[in-house]
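Structure record follows, encoded as structure tokens.
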Amino acid sequence: MKGTETLHRRARAGRTVLLVAGARPNYMKIAPIYWALARGAADDLDAEIVHTGQHYDPSMSDDFFRDLALPPPTINLAVGSGSHAEQTAKVLVGFEAVLAEKRPAAVVVVGDVNSTAACALAAAKMYYPGADPVPRPLIAHVEAGLRSRDRLMPEEANRVVADALSDILFTTCRDANANLYAEGVPAERIFFVGNPMIDSLHARLDAARGCPLLDRLALRDRAFGLCTLHRPSNVDRRAALVEILAALAEIAADTPVLVPLHPRTRSRLEAFGLASQLLWLDEPVPRAPARGLIAVAPLSYLEMLSAMTQARFVLTDSGGIQEETTALGVPCVTVRENTERPVTIAEGTNVLAGTTRRGILAGLVEARRKTAAGARVPELWDGCAGERIVTVLREVTGATRRRPAREELVAAGGWAAAGVE
Ligand code: UD1
């Protein structure tokens with residue numbers, strides 16, 4: 001990306017906005033906000049990226065910073081893996097110290113990973129005596145209001161916590177607004193801005209087309225499917241994984257299916273003695289296999305985009321990939337019992353297939369049918385969400401001097417409703 005050095009330099013002056021990234025699906029959501037802050041806010045807002053270190057392998061972290069033209073994080077809490085409580089607690093403690101040192105004007109958390117909830121909680125309890133206009137950073141949650149209604153899902157707990165504690169709720173679709181209204185969030189705190197992940201997709205699509213992955217795997221100009229699986233509900237139980245693999249094997253008997261493996265999935269396949277059902281491709285190959293499940297290490301952002309754009313269909317349990325395939329017009333089968341992203345089904349190319357062999361096979365037929373019949377890209381998934389988010393951030397942090405943030409928010413019932421007044 002041209003001129004990023006200049007942008008990074010410009011983003012360093014002024015009041016601080018901390019952009020929190022913890023895990024792989026976060027980077028493409030903070031990138032457009034960072035770019036927009038660096039481009040537009042110049043001297044009034046200073047963007048800094050804090051990495052919690054929830055994901056730490058280069059393939060789950062550093063490679064994404066490179067592909068998204070992001071500067072390295074100013075701080076890395078290096079919390080690493082652990083139980084949910086351990087991981088969340090380490091982020092909470094680490095981020096509290098960052099808040100005490102940096103005294104940011106705002107903290108932006110994105111998505112629904114453990115780091116999202118932990119950083120929102122640390123910011124909500126921060127107290128800067130005598131600070132004006134409010135004694136703690138503003139908390140903004142990007143991708144607010146999504147609900148799977150599955151309270152057994154750790155991400156659902158993270159979403160509910162982050163939304164409950166945030167002052168500003170940035171939503172990607174109108175059903176998220178409706179969910180927040182139903183939970184009693186005042187309309188004045190909800191900003192429907194579109195989908196920043198789709199900003200990243202638009203911005204990096206050309207670069208992705210030049211990426212050598214498909215040549216390395218001899219898949220360019222070949223028909224192939226793409227599959228990602230990492231949810232504990234799908235990969236942590238042997239019976240569930242066997243059932244999904246049965247469907248994948250049937251699909252891959254006709255068309256090869258590329259399977260980039262999350263570290264969790266790889267270790268479960270090995271532990272359950274199922275790894276031999278996949279063909280492992282670590283080296284470049286002269287000819288793509290005509291069929292079968294082709295396993296590779298986790299892909300970088302550009303590699304994943306290039307695979308998604310070329311794939312005939314995608315099978316996934318990821319949240320973000322449901323949205324990216326809808327934006328790209330590629331049939332998507334979601335291998336889950338529920339989704340927090342119903343707009344991709346109502347308008348896009350996505351089908352919720354469940355986790356049985358029959359459901360997945362039927363889901364693929366249906367996803368192809370509905371894509372051929374014509375799917376839509378949802379409202380405001382137009383590549384400009386980052387700019388809209390920054391416009392709001394400038395206003396609410398007082399960086400835009402047209403109206404004082406405090407007066408505006410109090411008038412809107414915002415701070416009073418949040419109990420900060
Ligand atoms: C996390 C998010 C999930 C998101 C996913 C994307 C939560 C609760 N879950 O799940 O919402 O969809 O990221 O990948 O926050 N590991 C490595 N290297 C790494 C990171 C993890 O080997 O860089 C392994 C470790 O064995 C770890 C396991 O993967 O225990 C799971 O990582 P963790 O961050 O706990 O959750 P994810 O399953 O990645």
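Just so you know, all these numbers are worked out from the coordinates, no wet-lab data involved. Here the structure is a predicted model, which means the values were calculated and not measured. Note that each Cβ is placed from the backbone with ideal geometry, even for glycine, and that neighbours are counted across all protein chains shown.
With everything on Cα atoms, drop me the angle between helix 114-124 and the longest principal axis of the chain, reported from 0 to 90° to the nearest 10.
10
Eigenvalues of the Cα gyration tensor times 5, then square-rooted: what semi-axes does that give for segment 263-338, in whole angstrom, largest first? Write out the running numbers ahead of the final one.
Numbers: eigenvalues 99, 63, 28 Å².
So the three semi-axes of segment 263-338 are 22, 18, 12 Å.
For segment 32-88, how big is the tail of P(r) above 19 Å, as a whole percent of Cα pairs? Let's see the in-between values first.
Numbers: 616 of 1596 pairs.
More than 19 Å apart: 39 percent of the Cα pairs in segment 32-88.
What order do you get for MET126, MET308, MET197 when you list them from fewest to most C-beta neighbours inside 10 Å? Intermediate results must be reported in sequence, preceding the final value.
Values: MET126 20, MET308 23, MET197 26.
Going from least to most buried by this count: MET126, MET308, MET197.
Show log10 I(q)/I(0) for segment 48-146 at q = 0.10, 0.24 Å⁻¹, two decimals, from a solvent-free Debye sum over equal Cα scatterers.
Here log10 of I(q) over I(0) equals -0.28, -1.36.
Using only the alpha-carbon atoms of segment 287-383, report the extent along each of the three principal axes, biggest first, to the nearest angstrom.
40, 34, 24
Nearest 10 degrees is fine. How inclined is helix 154-165 to the longest principal axis of the chain, computing both from alpha carbons?
20
Order of LEU92, LEU258 from fewest to most other C-beta atoms within 10 Å? Display every interim value, and only then the final one.
On the way: LEU92 19, LEU258 25.
Taking fewest neighbouring Cβ atoms as first place, the list is LEU92, LEU258.
Grab the eigenvalues of the alpha-carbon gyration tensor for segment 121-199, scale each by 5, take roots, and send me the semi-axes largest first in whole angstrom.
Numbers: eigenvalues 109, 46, 28 Å².
One finds semi-axes of 23, 15, 12 Å for segment 121-199.
How high is the relative contact order of the chain, in percent, counting Cα pairs under 8 Å that sit 6 or more residues apart? Write down the numbers at each step before the final one.
Values: 843 pairs, mean separation 63.8, N = 421.
So the answer I get is 15 percent.
Kindly list the residues of segment 141-161 that lie in the label zone of ALA346, defined by a backbone N under 13 Å from the point 7 Å along the Cα-to-C-beta vector.
Hits in segment 141-161 for ALA346 at 13 Å: 146-147.
Would you list ILE321, ILE75 from fewest to most Cβ contacts within 10 Å? Please list the in-between numbers first.
Details: ILE321 23, ILE75 18.
Ranking ILE321, ILE75 by Cβ neighbours within 10 Å, fewest first, gives ILE75, ILE321.
Which FRET efficiency, nearest 0.05, do LEU279 and THR356 yield, Cβ-Cβ r, R0 22 Å?
Details: r = 24 Å, r/R0 = 1.11.
That gives a FRET efficiency of 0.35.
Quick query: amide H of PHE192 versus all other amide H atoms, modeled in the peptide plane; which residues come in under 5 Å with a sequence gap of 5 or more or a different chain?
Those qualifying (amide H under 5 Å, at least 5 residues apart or on another chain) are THR171.
Report the residue, chosen from CYS119, CYS211, CYS173, that carries the largest GNM mean-square fluctuation when the chain is represented by alpha-carbon nodes joined by springs under 10 Å.
Between CYS119, CYS211, CYS173, it is CYS211 that shows the largest mean-square fluctuation.
Using only the Cα atoms of segment 316-371, each taken as one equal point scatterer with no solvent, compute I(q) by the Debye sum, divide by I(0), and report log10 of the ratio at q = 0.29, 0.31 Å⁻¹.
Result of the Debye calculation: -1.19, -1.33.
Round to the nearest 0.05 the FRET efficiency obtained for VAL93 and ARG174 when R0 = 35 Å and r is the Cβ-Cβ distance.
Details: r = 37 Å, r/R0 = 1.06.
Computed FRET efficiency for VAL93 and ARG174 comes out at 0.40.
Treating the angle as unsigned and between 0 and 90°, give the value, to the nearest 10°, between the Cα long axis of helix 238-252 and the longest Cα principal axis of the chain.
60
Return the Rg/Rh ratio of segment 177-248 with Cα-based radii and a Kirkwood Rh. Mind dumping the intermediate values first?
On the way: Rg = 19.9 Å, Rh = 17.1 Å.
Over the Cα atoms of segment 177-248, Rg/Rh equals 1.17.
Counting residues in the chain as N, plug N into 2.2 N^0.38 Å and put the Cα Rg over that result.
Details: Rg = 21.3 Å, N = 421, 2.2 N^0.38 = 21.9 Å.
Normalised by 2.2 N^0.38 Å, the Cα Rg of the chain equals 0.98.
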